[in-house]
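Note sheet for the following structure.
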Amino acid sequence: MSPYIPTLANWLMAPEASDVAGDVHGLYYFLVYVSGFFFLAIIALMVVFTLKYRRRSPKDKAQKTPTHHYGLEAAWSIPPLVIVIVVFVLGLKGFIGMSGRRANALEVKVNAWQWNWEFVYTTPEGVEVRVPELHLEVDRPVVLTLNSQDVIHSLWIPAFGVKRDAVPGRYNKIAFTPTVTSAEHGSPFPLLCTEYCGTQHSTMLSTVTVHERGMFEVWLKEASKAPLDELQKQAPELYAQYLKITTNEQFQQFMDALKADNPELHEKVDKLQRPALVGAELYTAKGCAQCHSTDGTRLTGPSLKGLWGAKRVFTDGAEAEADENYIRSAIVNPMETIVSTYQGVMPSYQGKLSDPQIDAFIAYIRSLDEAAEQDNNQP
Amino acid sequence: MTRFNDQLGAFDHAAELRGDNYLTHSRGLMSWLFTLDHKRIGVMYLVGILGSFFLGGVMALLIRTELIAEGQTILPAIGDKTWEDTYNQVFTLHGAIMVFLFIIPGIPAALGNFILPIMLGAKDVAFPKLNLTSWWLYMFGAVFAVYAIVSGGLDTGWTFYTPYSTAQIQGSDVYYAMQGVIPITAGAFILGFSSILTGVNFIATIHMLRPPGMTWFKMPLFLWGLYATAIIQILATPVLGITLLLLIVERAGLIIVFDPAKGGDPVLYQHFFWFYSHPAVYIMILPAMGVISEMISTHSHKHIFGYKFIAFSSVAIALLGFLVWGHHMFTSGQSVMASAIFSLLTFFVAIPSAIKVFNWLATMYKGSISVNAPMLWAMSFIWVFSIGGLTGLFLGALSTDIHLHDTYFVVAHFHYVMVGGTVFALLGGLLHWWPKITGKLYHQGAAIWAWVVIFIGFNLTFFVQFMLGAKGMPRRYAHLTADALAELGIAEANLLYLKVGNAISSFGAYIQAIGFFMFAGVLAYSMFRGRRSPANPWGGASLEWQTPSPPPHHNFETTPIAHDPYDFDGIEYDEEIDGYVRTQPADS
């Protein structure tokens, strides 16, 4: 909240629990005052004129006044122009704030489908943890990367003032920093779907829990450990097997065995996917290895190592950063963005890979560099 | 009193003697359905759009009744569908009917058709047969839309967003739109042609049939509004037609444009759709502003202030309207740069709109203001349009829009602009020109009471929705969600607010409904029992007040000579006829 704009009573707006909401509320109340002023001025003039110049007899005549005055009209066009430009700049500032990147941000993948939300965290060990509610840490920046598996959905957290569409076939991002914990707020924050998506659109709800400082890691460990703890408790020999998994094939065999053996436990462990392993398997199975190395060697196509986050320059001179949207389009539409130092020979994988498989690829490509980083850090 | 004889005195008398006017000129249903008379076509449009308004209004009452309390209240589950599906169909039909069958054709096709040629002193529009074709296309499109309801329903929202609207259920567990998508979009496609043809007709008429003495800057401002509207109708509507055609063939499984699973882009649809549908907002509001300019000046008996600024602001709004469609898509993931440009251009639309409001006020200054029913509608237009316009600032600004997008704040905003703006202007304009259209006066007191009830009901219904949206209620929700959120462990004061706010809003909707029935009653009574209206009951200065009420078949016996349409000098009250007559020629 901008300190120079007094807030109106709480009944006008959602609670304010993030840095973005601070910007939004500041501009909102500024606009309430500006609009209120203009509205009251217009109505007051109208009422005064009506009372003062009311026609009392049908024979009354209007008084003669000028029919135009360019100076006056220019004069009353300018203050609104100045005001709207100020509002535009304030709005843009807040918008860039939530669209931009944040250093050391917590990254959360958000999957939407009819009519559920799924929030995906990656543990330092590369295990994905999938939960139906959003968990964040106070004062820690967060970037949500949204994707939908069917129709368009939209994620809205009123208390944080943020909203972004979850669109099938692309990855949208939104950034903010929660500033109030759930404990301070008295309850979790509501999270709603705001893009109409069919029958149960209005019950596509979830909650956001904002943990106190340091408590988020504890929660994540719990969330990722809980299924494994249970596995360890219920089936120690399977747990030992789980720890030895290095390929997706082994992981799938393990999961199949677990499903046959203990479906209930399988469902819990299933929340802990290993997308990088799936991506590694696809890398061999789909023939990617023929043209793309994973160690930096130049083959027919660029190496996947060092790809994540790198700047790409294309044959038409355009540039892009290798993020989720780029990798996706390079897989389904490879001929549209050909890196300038290579020949465009890759066939399209449109329709040959499912969305989760593409996600797995992205996770695999990211894992190549994270592995390298860890190697560098541990000489 | 000497009565100035400009085509009127003698002619008025002769026509009255013959008892001939456009209503009595020929008889029988066929003489209406196949008439080439722009006045009859205007009246038939009026019947069509008011019928659609009634249908859409019933849907609105169903929506508000459903939302009066948590959970299912009135809407039943139909067949294998849930009651939420029924709700989704009802709000879709409310939007589609109100937008495509009521508001877009509303003022131009009904009031415009009737008034435009008379204001020009012309016998008819430039292409009378094309005009009749437009009306038949309108009816044909309306039949398609109704067919959509019975042929499997429609639950996409009036925006038909892909991929929800295009994809078919193919044995998957994904639920896509019901089967009414093709008929209703085909209906909207046909209605688009009706709109384009009306636009072509109006542009040709204004260019070719202006009377001697009427230069571009001597045209009544309503005609400037209609002209600007016609430009949008011609340039933007084809884009909607192509978009809907693409949607239809994709849904029929013939091509892929929007389905992301097969390489299409669903957001592309939003660009196409809003490229038409944002300018369409100005199709709705520009003629309304024209009506208000006429009413404010006429009922204040005062020359409109800043004629050229008002005229050019219509054109400016029409042109800027083409450049702002992306402001519907700030959350869609479009680039920051694109969003910034769309936001900035959106704010520029605020300036011509503000100019109009200031000019209307300056027109009232030192006027002779008649506080009658049409003037109250005009003044309340300024009230509601100011709220609608000012809340547009909240949605044009990027950061606040992100919070408010697709919430009840937006619902309230566009109802203030469209109901508050267009419907208030339409109903006000109807009362303003009713004596001209029917030749009958109506009971002023009763009409004012109907206005009071609708005005209070309207503000009660929609003002609270601004707060509901800002606090956290998304649009298109069958559930209030207060209980569902409480079950998830949310403990916020907002939850109570959701319930109370929605109950207030629903209560306001019932008050509005009563008001609209009162309004209909006033007009029905006037039609059968109303006093005869003089040619010029309000003391208007434009040409339509110089022909008898109702006008004869050819509007004017001889082509009148046009003067400044806002020169009220020499218009005097005549007690004998309880109306006004011109006693000296206006400035030319």
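The values are calculated or read from the model by the stated rules, or taken from the named source; none is laboratory data. All values reported here derive from a predicted model rather than from experimental measurement. So basically every Cβ, Gly included, is an ideal-geometry build from the backbone, and we count neighbours across all protein chains shown.
Filter region A:199-224 down to the residues that are without any contact (Cβ under 8 Å) to a residue 60 or more places away in the chain, in a helix (DSSP H, G or I) and buried (at least 16 other Cβ atoms within 10 Å of the Cβ) and list them by number. Answer for region A:199-224, where residues must be without any contact (Cβ under 8 Å) to a residue 60 or more places away in the chain, in a helix (DSSP H, G or I) and buried (at least 16 other Cβ atoms within 10 Å of the Cβ): just A:Ser202. In this entry, A:Arg101 is excluded by the filter for residues that are more than 8 Å from chain B (Cβ to nearest Cβ) and without any contact (Cβ under 8 Å) to a residue 12 or more places away in the chain.
Residues that are more than 18 Å from B:Val349 (Cα to Cα) and either of a type in the set (Phe, Trp, Tyr) or in contact with a Ser or Thr (Cβ under 7 Å, 6 or more places away or on another chain) (or both) within region B:382-400 comprise just one, B:Trp383. Determine whether A:Pro132 is within 8 Å of another protein chain (Cβ to nearest Cβ) and at pLDDT below 95. So A:Pro132 fails the test. Here B:Thr24 does not qualify as touching a residue at least 60 places away in the same chain (Cβ under 8 Å), surrounded by fewer than 24 Cβ atoms within 10 Å (Cβ to Cβ) and away from chain A (no Cβ under 14 Å). Among the conditions (1) in a helix (DSSP H, G or I); (2) within 21 Å of B:Thr243 (Cβ to Cβ); (3) aromatic (Phe, Trp, Tyr), the only one that B:Phe348 does not satisfy is (2).
Just one of the listed residues (B:Thr237, B:Thr243, B:Thr229) is without any contact (Cβ under 8 Å) to a residue 40 or more places away in the chain and in contact with a helix residue (DSSP H, G or I) (Cβ under 7 Å, 6 or more places away or on another chain), and it is B:Thr243. Of the numbered criteria (1) facing chain A (nearest Cβ under 8 Å); (2) surrounded by fewer than 23 Cβ atoms within 10 Å (Cβ to Cβ), the one B:Glu492 fails is (2).
The one condition from (1) surrounded by fewer than 24 Cβ atoms within 10 Å (Cβ to Cβ); (2) at the interface with chain B (Cβ under 7 Å from one of its Cβ atoms); (3) farther than 27 Å from B:Ala77 by Cβ that A:Lys163 does not meet is (1). The residues of region A:32-66 that are part of a loop (DSSP other than H, G, I, E, B) and buried (at least 17 other Cβ atoms within 10 Å of the Cβ), listed by number, are A:Tyr53, A:Arg55, A:Ala62. Scoring B:Leu221 on the criteria (1) within 14 Å of chain A (Cβ to nearest Cβ); (2) closer than 30 Å to B:Tyr147 by Cβ; (3) touching a residue at least 24 places away in the same chain (Cβ under 8 Å) leaves a single failure, condition (2). The number of residues in region A:166-183 being more than 7 Å from every other protein chain (Cβ to nearest Cβ), assigned to a loop (DSSP other than H, G, I, E, B) and either buried (at least 24 other Cβ atoms within 10 Å of the Cβ) or of a type outside the set (A, V, I, L, M, F, W, C) (or both) comes to 4.
The single condition among (1) assigned to a helix (DSSP H, G or I); (2) more than 25 Å from B:Phe381 (Cα to Cα) that B:Gly321 does not satisfy is (2).
How many of the residues making up region B:357-375 are in a helix (DSSP H, G or I) and either surrounded by fewer than 22 Cβ atoms within 10 Å (Cβ to Cβ) or at the interface with chain A (Cβ under 7 Å from one of its Cβ atoms) (or both)? Of the residues in region B:357-375, 4 are in a helix (DSSP H, G or I) and either surrounded by fewer than 22 Cβ atoms within 10 Å (Cβ to Cβ) or at the interface with chain A (Cβ under 7 Å from one of its Cβ atoms) (or both).
Scanning region B:294-304 for residues that are hydrophobic (A, V, I, L, M, F, W, C) and facing chain A (nearest Cβ under 7 Å) turns up nothing. For region B:201-218, a residue qualifies if it is free of Cβ contacts under 8 Å to residues at least 40 places away in the same chain and buried (at least 17 other Cβ atoms within 10 Å of the Cβ), and exactly one does: B:Ile203. With respect to the stated conditions, B:Ile74 is among the aliphatic types (A, V, I, L, M) and over 24 Å from the mean Cα position of the chain (by Cα). Of the residues screened, A:Tyr53 is not one that is at the interface with chain B (Cβ under 10 Å from one of its Cβ atoms), among the hydroxyl-bearing types (Ser, Thr, Tyr) and closer than 30 Å to A:Thr145 by Cα. Out of B:Glu250, B:Glu294, one residue alone is modelled with pLDDT under 90 and part of a helix (DSSP H, G or I). It is B:Glu250.
Yes/no per residue for (1) of a type in the set (S, T, N, Q); (2) surrounded by fewer than 20 Cβ atoms within 10 Å (Cβ to Cβ); (3) farther than 14 Å from A:Val208 by Cα:
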site: A:Val89; (1), (2), (3): no, yes, yes
site: A:Gly94; (1), (2), (3): no, no, yes
site: A:Trp117; (1), (2), (3): no, no, no
site: A:His135; (1), (2), (3): no, no, no
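Within region B:491-528, the set of residues being hydroxyl-bearing (Ser, Thr, Tyr) and more than 21 Å from B:Val411 (Cα to Cα) comprises B:Tyr525, B:Ser526.
Evaluation of B:Pro537 against the conditions (1) farther than 30 Å from B:His413 by Cβ; (2) crowded, with 23+ Cβ neighbours inside 10 Å; (3) in contact with a Pro (Cβ under 8 Å, 6 or more places away or on another chain) shows that the sole unmet condition is (2).
Taking (1) closer than 22 Å to B:Asn494 by Cβ; (2) buried (at least 17 other Cβ atoms within 10 Å of the Cβ) in turn, A:Gly186 satisfies each apart from (2).
Residue count for region A:276-310, restricted to those that are in a loop (DSSP other than H, G, I, E, B) and either in contact (Cβ under 8 Å) with a residue 12 or more places away in the chain or touching an Asp or Glu at 6+ places or on another chain (Cβ under 6 Å) (or both): 15. Whether any residue in region B:552-562 is more than 19 Å from B:Pro211 (Cα to Cα), among the polar types (S, T, N, Q) and in contact with a Lys or Arg (Cβ under 6 Å, 6 or more places away or on another chain) is what I want to check. No, region B:552-562 contains no residue that is more than 19 Å from B:Pro211 (Cα to Cα), among the polar types (S, T, N, Q) and in contact with a Lys or Arg (Cβ under 6 Å, 6 or more places away or on another chain).
Just to be sure, is A:Phe119 of a type outside the set (Ser, Thr, Tyr), at the interface with chain B (Cβ under 8 Å from one of its Cβ atoms) and on the phi < 0 side of the Ramachandran plot? Answer is no for this residue.
If you go through region B:452-482 one residue at a time, how many are in contact with a Lys or Arg (Cβ under 9 Å, 6 or more places away or on another chain) and more than 9 Å from chain A (Cβ to nearest Cβ)? Total meeting the criteria: 3.
When the residues of region B:329-348 are filtered to those that are closer than 30 Å to B:Leu223 by Cβ and touching a residue at least 40 places away in the same chain (Cβ under 8 Å), the one that is nearest to the other protein chains (Cβ to nearest Cβ) is B:Phe347. Comparison of B:Met379, B:Met418 shows that the only residue that is in contact with a helix residue (DSSP H, G or I) (Cβ under 7 Å, 6 or more places away or on another chain) and within 13 Å of chain A (Cβ to nearest Cβ) is B:Met379.
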